[in-house]
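The values are calculated or read from the model by the stated rules, or taken from the named source; none is laboratory data. As the structure is a computational prediction, the values presented were derived from the model and not from experiment. Don't worry about glycine lacking a Cβ; one is built from the backbone with ideal geometry, like all the others, and counts go over all protein chains shown.
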C-alpha cells in the first residue's frame, strides 16, 4: 500500500473515532499494527499526533458561533447570573486544569500504557459496560424531556452546568489519559450523565473540553518529538518532501472526516443515545483481549 493511500486510511480512522466514545487511540494503534506500520519510527509517531491535531482543528470551525457567543458573554453569561468560574469558559478551564495536572505528573505511566493491548482491551470493555448502564438508566428521562421535571436529569444545556459537575468530569477524564482505550469522550459523557446532565449537554461539554485538552496533550508531545526531547524523536529538517505531503494528506482528511462525524454524532445522540457505541466498545474490547492473548501465546511458543 502506498504511503498516500495509507495516510488517507489513517486520516479517516482518526477523524471517525476522535470524538466518538470508542477510543481513537486504540483504533489508531490497532490499525497501525495491522497495517504493519513501524511504531518505533519517530516519523510515524509524529504522524499520529499531526492527524489528531487535524481532527481537533475541526471543532473551533464547527462551533465558531458558540465560541464567539461564549467570548462575548464572559464572565456574566447570557442570563447575567454567572461568574468567571461558572461561565461556560470557566467551567471548561476548571475541568481542563483538574485533568491536565495529574496527567502531566503521570506522563511516564501514560507513555508505558499506550502500546499495551491488554489495558486497551479492558478499558474498551469496562467503559462500554459503564456507558451502557449509565445511558440506559437515563433513557426514560431523556425521552420525557425537560418538561417532565425528572429529578434524574437536571442539566439540559451546557450553559446550565455547575462548578461541581465540571470538576467531577475533569477528575473522571484522568482515567482516559492513564488508561488508553477508555476514551476521552466516553469518560466525559458518562461522568456528565452520572452527575445529572442530559446526553446533549454532556456531549457538547465533551467537544468543548477536548479543544484545550487535546491541543495541550498533542502539542506537548509534538514539541518533544520535533525538538528531539521525546522517544524516537524526529527533527523537522529530517522530513523530506514526500513525508510532508503524507502528513498534509492525513491532516486534511482527518479534519474533514471529523467535521462530518461531529455533525452526525450530535444529531444521532439526541434521538438514539449511546447504547450502540457501548455495544461496539464491548465487542472491540473482547476482540482486542483475544488478540493480545494470541500474541502472548505466540511470543512464548
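Hey, does the range 237-257 have a residue that's at pLDDT below 90, touching a helix residue (DSSP H, G or I) at 6+ places or on another chain (Cβ under 7 Å), within 24 Å of residue 174 (Cβ to Cβ) and surrounded by 13 or more Cβ atoms within 10 Å (Cβ to Cβ)? For the range 237-257, residues at pLDDT below 90, touching a helix residue (DSSP H, G or I) at 6+ places or on another chain (Cβ under 7 Å), within 24 Å of residue 174 (Cβ to Cβ) and surrounded by 13 or more Cβ atoms within 10 Å (Cβ to Cβ): absent.
State whether the residues of the range 197-216 include one that is at pLDDT 80 or above, surrounded by 15 or more Cβ atoms within 10 Å (Cβ to Cβ), part of a loop (DSSP other than H, G, I, E, B) and touching a strand residue (DSSP E or B) at 6+ places or on another chain (Cβ under 7 Å). Step through it out loud before you land on a result.
Taking the range 197-216 and keeping what is at pLDDT 80 or above, we get 197-216.
Applying the additional criterion that residues be surrounded by 15 or more Cβ atoms within 10 Å (Cβ to Cβ) yields 197-216.
Add one more test, that the residue is part of a loop (DSSP other than H, G, I, E, B), and what stays is 198.
Filter once more, keeping what is touching a strand residue (DSSP E or B) at 6+ places or on another chain (Cβ under 7 Å): 198.
Checked the range 197-216: at least one residue is at pLDDT 80 or above, surrounded by 15 or more Cβ atoms within 10 Å (Cβ to Cβ), part of a loop (DSSP other than H, G, I, E, B) and touching a strand residue (DSSP E or B) at 6+ places or on another chain (Cβ under 7 Å).
Scan the range 136-154 for residues that are modelled with pLDDT of 90 or more and surrounded by 21 or more Cβ atoms within 10 Å (Cβ to Cβ) and the total you get is 0.
Taking the conditions (1) modelled with pLDDT under 90; (2) not in a helix (DSSP H, G or I) in turn, residue 30 satisfies each one other than (2). On the stretch given as the range 69-93, residues that are assigned to a loop (DSSP other than H, G, I, E, B), in contact (Cβ under 8 Å) with a residue 12 or more places away in the chain and surrounded by 13 or more Cβ atoms within 10 Å (Cβ to Cβ) total 6.
Considered as a group, the residues in the range 94-110 that are in a helix (DSSP H, G or I) and modelled with pLDDT under 75 include one that is nearest to residue 83 (Cα to Cα), and that residue is 107.
From the list 32, 14, which one is without any contact (Cβ under 8 Å) to a residue 24 or more places away in the chain, more than 21 Å from residue 170 (Cα to Cα) and touching a helix residue (DSSP H, G or I) at 6+ places or on another chain (Cβ under 8 Å)?
Values: 14 fails: without any contact (Cβ under 8 Å) to a residue 24 or more places away in the chain.
Residue meeting the stated conditions: 32.
Report yes if some residue within the range 58-68 is at pLDDT below 90, part of a helix (DSSP H, G or I), out of contact with any strand residue (DSSP E or B) (no Cβ under 8 Å at 6 or more places or on another chain) and under 22 Å from residue 215 (Cβ atoms); otherwise report no. No, because not a single residue in the range 58-68 is at pLDDT below 90, part of a helix (DSSP H, G or I), out of contact with any strand residue (DSSP E or B) (no Cβ under 8 Å at 6 or more places or on another chain) and under 22 Å from residue 215 (Cβ atoms). From the list 25, 17, exactly one residue is closer than 26 Å to residue 286 by Cβ, surrounded by 15 or more Cβ atoms within 10 Å (Cβ to Cβ) and modelled with pLDDT under 85. Which is it? So the residue among 25, 17 that is closer than 26 Å to residue 286 by Cβ, surrounded by 15 or more Cβ atoms within 10 Å (Cβ to Cβ) and modelled with pLDDT under 85 is 25.
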